[in-house]
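Read the figures in this text as sums done on the coordinates, not as results from a lab. All of these numbers come straight from a predicted model, not from anything done at the bench. Cβ atoms come from the backbone with ideal geometry, glycine included; neighbour counts cover every protein chain shown.
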Amino acid sequence: MGIRSVAVYSEADRYSAHVAAADSAVALEGNTPGETYLRGDLIIAAATSQNVEAIIPGYGFLSENSDFAVQCEAAGICFIGPTPEQMHQLGLKHIAYEVAASADVPLLPHSGLLTDIEKAKLEAKIVGYPVILKSTAGAGGMGIMLCTDENQLFSRFSEVKRAATKFYSDDGVYLERYIDDARHIEVQIFGDGHGHVIALNERDCSLQRRHQKIVEETPPPNLSDEVRVCLRDAAVRLGTSVKYRSAGTVEFVYDRTCNEFYFLEVNCRLQVEHPVTELVYGIDLVEWMVSLAAGQPPRALYSPPIPKGVAIEVRLCSEEPLRNFEPSSGTLSQYQPNVVEVLAPGTYTTIQDYPGRVNHWDVGVSPSGPMDDYAFRLANRLVGNAENAAGLECTLVGPSLRFHASTIIAITGATMSPMLDGISVDLWKPIPVKAGQILKLEKSTSGCRTYIAVQGGFDVPIYLGSRSTFVLGKFGGYAGRILKSGDMLFIDKCISDSIQSNVSDALIPHYPAEGEEWQVGVLYGPHGAPDFFMSDYINQFFDTIWQVHHNSNRLGVRLLGPKPTWSRSDGGEAGLHPSNIHDCEYAVGSINFTGDTPIILTQDGPSLGGFVCLVTIAKAELWKIGQVKPNDRIRFFPITFDQALALEHDQDKSLATLTSSTTSIPLSLLSSSTSTTFECILAQLLSTATRPTVVYRQAGDHYILIEYGAMQLDLRYRFRVHLLMEELRDHHPVNGILELAPGVRSLQIRYDSRVIHQQQLIVALLAAEDRLPTEESDICVKSRIVYLPLAIEDSATLDAVKRYRETVKESAPWLPNNVDFIQRINGLPSRDDVRRIVFDASYLVLGLGDVYLGAPCAVPIDPRHRLLTSKYNPARTFTAEGTVGIGGVYMCIYGMDSPGGYQLIGRTLPIWNTFVNNTAFEDGHPWLLRFFDQVRFYPVEEKELSIQRDAFRQGRLSVRIVQDNVFNLGEYNAFLKRESESIANFTAKQAAAFAEEVSHWQLDDSRDRKYTVTNGHDIAETQQVIDGQVNVIADICGSVWKILVEEEGMVEMNAPVITLEAMKMELTVRSPIAGRVCSVLCHTGQLVAAGDVLLRIEPVEQ
């Protein structure tokens, strides 16, 4: 109609369709309807601020509020709808009855407005039970209840009055006779306000649920023409009697037993079901309302068209049949009754599949999948599933599940004492389950993770090729999260009837008992001695029995042991610490040194980063890491590629045949491995006039890391990586190569060693290198320019630094303020210079996934914009999504809430959009940036950024992207030559400041207290047994998260008393008896080991 529209919305409706459809929108402060949509003063204030001429109130809230209509007129704003007087006469049902009676419209026996329950009881006796108790101002089925006797009337009277107040700001209620065998028929009317009223057919709304209309149909079926004419005539008489204006609906109840109808109510507004009338008449009732309000009544009002056809509207209700049809909110993907119901979720239970979300490593998407893929695959094999069927992974404490369909399950992995309807069942065997049975798993007594496979697998949506849950990224699995009580897990169709009943005992792995150690086979590399570590440390690493830190989880397993000795003093351009390198891709299972802290990178670990990796766990050995828990001990043994390949072949054969298997490395193999010479460099090409040095590093038995040139930033190396990727991907693909993932000066090759041997792949890679072009000046790549807002040092950024100081490390060169550190280490005059350089820089994206989900590893194109920093040591445990950091000379935007090590400077827009609901995310990909994009920041305040972040996430805001831009390496080299003197002056000053910072930075030789397990030393004096008191002990290594009792307080048997935090999970310690708490022997934040006494309880007779 060419009319500008303004919407109002509450915070909960910020992204609703009406907000997006309007030309502009105004937020109403508040959360509840009473604070927002029922506040006429706020709505009129919003309208006045936008110079609004008219208000159309919609379906509910104030749409039938005569006081609001009066307020609009007083403010000089046209109310599009009936007059205030008409709403008062017809909108309040007890008054509408009087108007209907005067218009000779048939009425049901009813009461007047009821002041109290005693009046209601009296009127109900007159009307006769059963009665309907209704809100006089109500509509839409709310504020209405059936009362079959006086007891129900008494109990429901106040409830209906409260609902009326909440939804309509009017607590008036009345009674009317209830008709059991009735149809609900309504007539659409429209009047010009001067006495001309027409009826636009009838609608049948009889099919209802909880007083909400489910199906609306026009014309009503099985209703005689005679009755229809009488209905329309009655509706017109009623409307004409008050000279009704605009759209309205007269509702009737039709008694099928006597073919009589009675007046029910008038809705003095447009109704939700109005489209069915529009469809059969070919009109637009909203347009009629607006035109009439503008003084231009529609011509069709005086000569209405003839209705044609039938129209039906339905309401879709999301309800859960297995939970008494209670409402079920969320995104509807599918429904089928073949489900497993989660009664209790356990500590950390997720849906996973094998091999997980592969082939997105190059953009920072972790594979996820089972931590112990051996146990998981065997569980699927036992129930006849395909290898990639989705199952459950349960950590430390298992779930309770009710099966609503008969099926076959298998339970493998950690021992969690499974019980089916209270009867113990075996692990590592198929188990028949009947519909209605309950499976309960307890706390693990051996191992860490248990797997449950169900025949057919769990049917959840596939995201990026997998059903696996990535909790940190909030996608995959069941709603992208751990399971909760009440979740319903659909079971997929079974594709096989083949169930294995007998399995060899040799298939069942041994999990080390207390005092024993895990023996894990690893391959040396990609980073070793003498390039990064001292040779003596390599021997020390393999001789050490490492301890698993309590803060280990699916992202990585943190290890406690001797501090490494480094062969270099720092990481040069990559950072102050010798562990720092130019960002490269990581292999799953690599042991990454984040500063001095070794961490095993596991299924949900990062793909790209700037720290060295000493060894990589063999693929067939990686399952063991899925079963280690806090305080476990691990010893690593070096093995060769061929030994690792033999182990994988053996494992595959065992799973295929379910016959004898060697699921751990034989001691004889370990002994022979120690006498073998191990090298992490597989091949090396020396530099020539047209090619830099090329080093081929071993990164386990499924990865090779190729590095170009010296360990310094040179964009020529990244372009060399780009050429090699094109060669291997587009020109001469190599069978067996699965994925190519670039870093700053490196390319990681993921390959299937069962298809192509490591040495065969090296030969193919050397040949590919020889085919690469030699002329640099001709190399060009597409380089979009992406403009992003940046709020410097916003609250989320500062909070992350504060949290680090409180939970990880209190003091460090980069503390208390990262920007101050960046200024100092780069020799800049002021903090403003840091800000200026950040906004002047154009950051070239060299890698993606630097700390997950499309996070860029980007470098300023102009060397004078390269701020040199160190990385956190140890790393942060938390960084907010969208935070911008600088590490070495690289800029990163964190794609999700995650750990991290970069120095933090501010925050920008989300660069990952899970459901791709913003057109800035092209080609259906949830990651915003591409290789060789240029990111340029512009300043915004935090408040404005917060608004932009929400809008961008929901697709309401786009970003400026220059598409037709090219980066020419030859032109760039010419630029460097022209500006060489200025660049040299900048880097010399920077280097001097860097050297000064290094000189007074004394690395802490002792492990940070937050990363040292006490093993009870600080509470050793509390470990003794005291007569008459029961010790409550920790059964796992962790941190005391919450103390739930006080000394002298009483506790019940099995009541929660302490909450421990381990592996990023909360684990409840319960009282073994009922009694009095004598002493609490721990404090919040304290690290405890398994066996430590936490408190003492004196038994009390019950």
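So the values come out like this:
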| quantity | calculated |
| --- | --- |
| Karplus-derived HN-Hα couplings along the stretch 458-469 (A = 6.51, B = -1.76, C = 1.60, θ = phi - 60°), whole Hz, x at Gly and Pro | 8, 9, 10, x, 7, 10, 6, x, 8, 9, 5, 8 |
| Cα point-scatterer Debye curve for the stretch 333-497, base-10 log of I(q)/I(0) at q = 0.08, 0.16, 0.18, 0.19 Å⁻¹ | -0.19, -0.82, -1.06, -1.20 |
| Fraction of alpha-carbon pairs over 19 Å apart in the stretch 109-178 - percent | 19 percent |
| Positive-pole candidate from I749, A767, V781, dipole of the stretch 735-784, charges at beta carbon | I749 |
| Protection proxy ranking, peptides 753-766, 383-396, average beta carbon neighbours within 10 Å, highest first | 383-396, 753-766 |
| Integer Hz, Karplus 6.51/-1.76/1.60 couplings in order for the stretch 446-452, x for Gly and Pro | 8, x, 10, 10, 10, 10, 10 |
| Residue exposure sequence - Y59, Y178 - by fewest surrounding Cβ within 10 Å | Y59, Y178 |
| From phi via Karplus (6.51, -1.76, 1.60), per-residue ³J(HN,Hα) for the stretch 285-300 in Hz, x at Gly/Pro | 5, 5, 4, 4, 4, 5, 4, 4, 5, 7, x, 10, x, x, 4, 5 |
| Principal semi-axes in Å for the stretch 425-545 [√(5λ), Cα gyration tensor, largest first] | 38, 23, 16 |
| Taking all pairs of distinct alpha-carbon atoms in the stretch 190-340, Kirkwood radius in angstrom | 17.5 Å |
| Ranking of F154, F821, F263 by count of other Cβ atoms within 10 Å, fewest first | F154, F821, F263 |
| Long-range HN-HN contacts of T565 with modeled amide H, under 5 Å | M534 |
| Rg [Å, one decimal], Dmax [Å, integer] - the stretch 55-129, C-alpha atoms | 15.9, 48 |
| Whole-number D in µm²/s for the stretch 780-982 (Stokes-Einstein; Kirkwood sum over Cα pairs; 20 °C, 1.002 mPa s) | 124 µm²/s |
| Pairs beyond 30 Å (Cα-Cα), from K93/K121; K443/K1042; K629/K1042; K125/K243; K624/K802; K474/K653 | K125/K243; K624/K802; K474/K653 |
| Distant-in-sequence amide H partners of E273 (H built 1.01 Å from N, under 5 Å) | none |
| Value of relative contact order over the chain, rounded to a whole percent, pairs C-alpha under 8 Å and six or more apart | 7 percent |
| √(5λ) per eigenvalue of the Cα gyration tensor, the stretch 586-637, largest first, Å | 18, 13, 11 |
| Correct option for semi-axes √(5λ) of the Cα gyration tensor in Å [calculated from the coordinates] among (1) 63, 41, 26; (2) 63, 39, 29; (3) 72, 40, 32 | (2) |
| Unit charges at the beta carbon, dipole of the stretch 218-272: most positive-side option, V236, A247, V272 | A247 |
| Amide H partners (placed H, <5 Å) of Q748, local residues excluded | E585, I706, A741, G743 |
| Ranked S66, S417, S102, criterion: other C-beta atoms within 10 Å, fewest first | S102, S417, S66 |
| Alpha-carbon Rg/Rh ratio, for the stretch 750-816, with Rh computed the Kirkwood way | 1.31 |
